[in-house]
Amino acid sequence: MKIKVLDTTLRDGAQSKAVSFSISDKVKIVRLLDELGVDLIEAGNPFSNVKDREFFREIAEVKLKNASLVAFGSTRRVGLKAEDDEALAALLNAGTDYISVFGKAWDLHVSEVLHTTLEENLSMIRDTISYAVSRGKKVIFDAEHFFDGYKRNPEYAIEVIRTADQAGAEVVCLCDTNGGTFPDEIFDMTKAAVASVGCEVGIHTHNDSGMAVGGAVMSVAAGAVHVQGTLNGIGERCGNANLCTIIANLQLKRGYEIIAPEQMERLTPICREVAEITNISIGGMPYISKGAFSHKGGMHIDAVMKLPQTFEHIDPAVVGNERMLLVSEVAGKSALMPLLRKIDPSIDRNSPKIKEILARMKELEFDGYQFEAAEASLELEIRRILGYDRQLFDIERFRIMLEQDTVASDPMTGYSTAFTKVRVGDEHEITAAESGDGPVNAIDMALRRALERFYPSIGRLRLVDYKVRVLNSAAATGAKVRVLVESTDGVDSWTTIGVSSDVIMASKKALEDSIEYKLIKDRSKTY
């Protein structure tokens, strides 16, 4: 059975407090969603802002293979004719075959927010949809607050969706706008809705009670054939239903047809690319995060290597992900072997080097290192023990100078200057860099500037995340800190680590590892 998917990352997802899309961002995401194979992309409200209007003009030039664009807006305003409503006119002129129109399904909102009668609200829905259909549009009606409305006045909530159906809507979408309805309640109310209309029924859930995905899945079980959500679950307040999880759950667990198998294999890379554009973390998300198929306990690792289904509910490759075996103080040989063979395919499980590596890992973790969060530094440490350290560069000297601008209007204004001397082979390079963003940024700039002369590919390297954690807070300002640096070259991303009681030295170690990993990755096909 086919389930249609409407992605609202660019509309409802854009209402997240941490998200602000440029027009270029939106175009990139549309292309990725089309590649993933979603049916509909709700791209914004052409009446609400200039950016969305400009986006609809620009996206009209993009040819999509799988998806159709949807413009979003509301029913006509109270007391206006549909043909006289400017917002509706903008919606109809957006250039999309589909439009999504929301209207009130909760009588409380009708009386206390719209300040109109229940009959006028029905007329607004009827007039808007019938007028849009007469203009050749395919209409999706979002029954806002349907579930809260049904709990308070079930007859009226059902009358709202019947009115939309009779006016010509192709889909009536039941919205859990407040995100507070439990999945079993959504199941029962969706069944009642499906029995009351002849058009398709959809579901749109929010995650305010942590049940958005469960509610969407249960709605489909009750007869909904259209699902709305956002990639990575972004959205207002606690977010929307996460389409990455819904798509995988419905297709892989329940047997519904949503996207092609080859598109399912693109789920992880596409969701990660959208997360990068959105500038959010997807750590811990089902199916698509690095941790989704990661294993740390030695017994777990041993079992999953022998028989994957012992600790994995699906093959990670089905969704384009991969298994991660985390080397730590609780892991053993089984965790090391895939990584060791990646570096040296000839290494034997009984090699004495393995004991040496495990002992070194435990020693470093005792000092505060955490290699499950810094896979690149782990690879570098193993290479050093195995004798594969190429010494691509050496930092012979570096110095940091901090200055405060006492005449600036902001008393916290300061500058950091980093001086560094590096050696590559028999050649040296001395470079300085100044930054108003702190000493770590200055070190990063100086190091890359010095090494770029020898290794031009470093010009593509950039930092995407920087974290500092105090390990022994009882030591106050003398505490040891752990620094994690995430880097990317636009193709891959990796994390490196440094630990010291001096945050500058810990940062230098993480930055140095990041650059070294990039250079080895470029030079070795085994990386």
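The values are calculated or read from the model by the stated rules, or taken from the named source; none is laboratory data. Here the structure is a predicted model, which means the values were calculated and not measured. Reconstructed Cβ throughout: ideal geometry from the backbone, glycine too, with neighbour counts over all protein chains shown. Areas reflect the complete protein model, heavy atoms only, side chains present, ligands, DNA and RNA absent. Shrake-Rupley method; radii C 1.70, N 1.55, O 1.52, S 1.80 Å.
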query = Of all residues in the stretch 337-370, which are under 30 Å from Thr420 (Cβ atoms) and either out of contact with any strand residue (DSSP E or B) (no Cβ under 7 Å at 6 or more places or on another chain) or aliphatic (A, V, I, L, M) (or both)?
reply = Ile343, Arg360, Met361, Glu363, Leu364, Glu365
message = Take the conditions at pLDDT 95 or above and open to solvent by 20 Å² or more (accessible area, probe 1.4 Å) and apply them to Glu276. Does it pass?
response = no
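Given the criterion on the phi < 0 side of the Ramachandran plot and surrounded by 17 or more Cβ atoms within 10 Å (Cβ to Cβ), identify the matching residue among Ala89, Ala105. Walk me through it before giving the result.
On the way: Ala89 fails: surrounded by 17 or more Cβ atoms within 10 Å (Cβ to Cβ).
Only one candidate passes the filter, namely Ala105.
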note = Output for Cβ contacts, cut-off 9 Å, separation at least six or different chains, first residue over 17 Å from Leu174 (Cα atoms) and charged (D, E, K, R) in the stretch 223-242, second modelled with pLDDT under 95 and open to solvent by 10 Å² or more (accessible area, probe 1.4 Å), reads Glu236/Gln15; Glu236/Ser16; Glu236/Lys17; Arg237/Gln15; Arg237/Ser16; Arg237/Lys17
request  = Mind counting the residues in the stretch 482-504 that are within 28 Å of the chain's Cα centre (by Cα) and either in a strand (DSSP E or B) or free of Cβ contacts under 8 Å to residues at least 12 places away in the same chain (or both)?
outcome  = 14
Residue in the stretch 108-153 that is farthest from Asn178 (Cα to Cα), counting only those that are open to solvent by less than 60 Å² (accessible area, probe 1.4 Å) and of a type in the set (D, E, K, R) = Lys137
inquiry  = Please verify whether Asp7 is open to solvent by less than 20 Å² (accessible area, probe 1.4 Å) and under 23 Å from Val225 (Cβ atoms), treating the condition exactly as stated.
reply    = yes
query = Can you name the residue in the stretch 136-185 that is free of Cβ contacts under 8 Å to residues at least 40 places away in the same chain and in a strand (DSSP E or B) and, of all such residues, is nearest to the chain's Cα centre (by Cα)?
reply = Asp176
remark   = Counting only residues in the stretch 91-120 that are in contact with a Gly (Cβ under 7 Å, 6 or more places away or on another chain) and assigned to a helix (DSSP H, G or I), the one nearest to Ile59 (Cα to Cα) is identified as Leu91
query = What's the number of the condition Ala303 fails, among (1) without any contact (Cβ under 8 Å) to a residue 12 or more places away in the chain; (2) in contact with a Lys or Arg (Cβ under 7 Å, 6 or more places away or on another chain)?
reply = (2)
ask   = Given (1) more than 27 Å from Gln15 (Cβ to Cβ); (2) in contact (Cβ under 8 Å) with a residue 60 or more places away in the chain; (3) buried (at least 21 other Cβ atoms within 10 Å of the Cβ), where does Phe293 come up short, assuming only one miss?
value = (2)
inquiry  = Between a residue in the stretch 428-440 that is within 17 Å of Ala506 (Cα to Cα) and any residue that is assigned to a strand (DSSP E or B) and open to solvent by 60 Å² or more (accessible area, probe 1.4 Å), which pairs come within a Cβ distance under 7 Å, given they are 6 or more apart or on different chains?
reply    = Pro439/Leu402; Val440/Tyr466
